[in-house]
Amino acid sequence: MIHVVIAEDDFRVAGIHEKFLSKVTGVKIVGKAINGNDTLQLVKEHHVDLILLDIYMPDALGTDLISELRALNSNIDIIMISAATEKEMVEESLRNGVFDYIIKPVKMNRFIATLERYKRTKKELDVRDELDQTFLDDYFGFANSTVKTEKQTPKGIDPLTLEKVKNRLSEIGSAITAEEMGKNIGASRTTARRYLEHLISVGEGEAELVYGIVGRPERKYRLKSF
């Protein structure tokens with residue numbers, strides 16, 4: 001479970017971000033802070049993995065809070081969500097190692113994509129002792145650059161649905177049939193199988209035949225272990 005603090009002085013915006021977070025599995029909101037002091041207090045009192053941090057707070061700049069937050073918890077991660085577009089603000093945030101910088105007003109798809117990428121990255125970091133180039137390319141955004149445009153998903157494979165299938169396999173942690181996956185993602189068995197077989201074709205998934213007491217054996221899928 002990823003523990004999140006929303007640091008936003010506009011309660012309406014904070015409510016929107018809270019609503020967006022409710023659509024992301026595996027996250028829990030520890031609290032909401034309306035100023036810098038409250039943000040620091042929440043980090044002192046609770047285990048916090050991630051802060052959604054605004055820059056313009058009533059009593060402090062979010063960019064100035066980063067060093068204080070890291071002094072309290074060196075492992076804390078930060079996603080800046082701000083209307084600030086000044087070059088200096090953005091550069092300072094990036095130099096201080098924020099995971100992402102999202103400009104308000106935030107679009108739900110952009111917000112959720114960032115949180116899903118953060119979840120995936122954190123999970124990988126938690127289980128790996130060494131990191132390969134593929135992981136680092138994904139983390140630094142190189143995997144999505146024009147250098148890799150040739151690696152587009154084939155016809156009939158929607159990238160967002162594919163990511164949803166991968167997330168479900170990761171969350172379940174065990175082998176699953178195409179029919180079960182279809183129910184999980186709200187799609188037909190045939191559609192789910194197409195995505196599961198695609199993962200096998202690109203080396204990210206694997207399948208096994210499970211024999212029941214009667215009837216034909218079932219093909220079950222899981223993410224490939226590396």
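The values are calculated or read from the model by the stated rules, or taken from the named source; none is laboratory data. Because the structure is a prediction, the values reported are computed rather than measured. We place every Cβ from the backbone using ideal geometry, glycine too, and count neighbours over all the protein chains shown.
Take the residues of the range 3-21 that are surrounded by 18 or more Cβ atoms within 10 Å (Cβ to Cβ) and outside any helix (DSSP H, G or I): which is farthest from the chain's Cα centre (by Cα)?
Across the range 3-21, the extreme among qualifying residues is 8.
Just name the residue that is modelled with the highest pLDDT out of those in the range 163-219 that are at positive phi and under 23 Å from the mean Cα position of the chain (by Cα). Working first, answer last.
We begin by selecting, within the range 163-219, every residue at positive phi; these are 173, 186, 203, 215.
Filter once more, keeping what is under 23 Å from the mean Cα position of the chain (by Cα): 173, 186, 203.
Working: 173: 81, 186: 91, 203: 88.
It comes out as 186.
Could we say that residue 85 is crowded, with 19+ Cβ neighbours inside 10 Å and outside any strand (DSSP E or B) here?
Details: crowded, with 19+ Cβ neighbours inside 10 Å: no; outside any strand (DSSP E or B): yes.
Here the answer is no, as residue 85 does not meet what is asked.
Mind counting the residues in the range 5-49 that are of a type in the set (Phe, Trp, Tyr) and out of contact with any helix residue (DSSP H, G or I) (no Cβ under 8 Å at 6 or more places or on another chain)?
To start, the set of residues in the range 5-49 that are of a type in the set (Phe, Trp, Tyr) comprises 11, 20.
Keeping just the survivors that are out of contact with any helix residue (DSSP H, G or I) (no Cβ under 8 Å at 6 or more places or on another chain) gives 11.
The number of residues fulfilling the criteria is 1.
For the range 154-172, give me the residue count where each residue is touching a residue at least 24 places away in the same chain (Cβ under 8 Å) and not in a helix (DSSP H, G or I).
Looking only at that region, the number is 3.
Residue 80 is checked against (1) in contact with a helix residue (DSSP H, G or I) (Cβ under 7 Å, 6 or more places away or on another chain); (2) in a helix (DSSP H, G or I); (3) not aromatic (Phe, Trp, Tyr) and fails just one. What number does that condition carry?
It is condition (2) that residue 80 fails.
For residue 24, which of the numbered conditions (1) of a type outside the set (Phe, Trp, Tyr); (2) crowded, with 19+ Cβ neighbours inside 10 Å; (3) under 20 Å from the mean Cα position of the chain (by Cα) fails to hold?
For residue 24, the exception is condition (2).
Residue 68 fails exactly one of the following numbered conditions: (1) in contact with a helix residue (DSSP H, G or I) (Cβ under 9 Å, 6 or more places away or on another chain); (2) buried (at least 18 other Cβ atoms within 10 Å of the Cβ). What is the number of that condition?
(2)
Considering only the range 27-46, how many residues are under 14 Å from residue 72 (Cβ atoms) and either surrounded by 14 or more Cβ atoms within 10 Å (Cβ to Cβ) or out of contact with any strand residue (DSSP E or B) (no Cβ under 6 Å at 6 or more places or on another chain) (or both)?
Within the range 27-46, the first condition is being under 14 Å from residue 72 (Cβ atoms), and the residues that meet it are 30, 33, 36-46.
Now restrict to residues that are either surrounded by 14 or more Cβ atoms within 10 Å (Cβ to Cβ) or out of contact with any strand residue (DSSP E or B) (no Cβ under 6 Å at 6 or more places or on another chain) (or both): 30, 33, 36-45.
Here the count works out to 12.
Only one of 72, 50 is assigned by TED's automatic domain parsing to the domain that holds residue 17, farther than 16 Å from residue 27 by Cα and modelled with pLDDT of 95 or more; which? So that I can check it myself, show each step before the final result.
Values: 50 fails: farther than 16 Å from residue 27 by Cα.
Among 72, 50, only 72 is assigned by TED's automatic domain parsing to the domain that holds residue 17, farther than 16 Å from residue 27 by Cα and modelled with pLDDT of 95 or more.
It is to be established whether one or more residues within the range 106-117 are modelled with pLDDT under 80 and assigned to a loop (DSSP other than H, G, I, E, B).
Filtering the range 106-117 down to residues modelled with pLDDT under 80 leaves none.
Within the range 106-117, not a single residue is modelled with pLDDT under 80 and assigned to a loop (DSSP other than H, G, I, E, B).
Is at least one residue of the range 207-220 among the β-branched types (Val, Ile, Thr), touching a residue at least 12 places away in the same chain (Cβ under 8 Å) and closer than 18 Å to residue 159 by Cβ? Step through it out loud before you land on a result.
From the range 207-220, those among the β-branched types (Val, Ile, Thr) are 210, 213-214; that's our starting set.
The next check asks that each one be touching a residue at least 12 places away in the same chain (Cβ under 8 Å); those that pass are 210.
Adding the requirement that they be closer than 18 Å to residue 159 by Cβ leaves none.
Looking through the range 207-220, none of the residues is among the β-branched types (Val, Ile, Thr), touching a residue at least 12 places away in the same chain (Cβ under 8 Å) and closer than 18 Å to residue 159 by Cβ.
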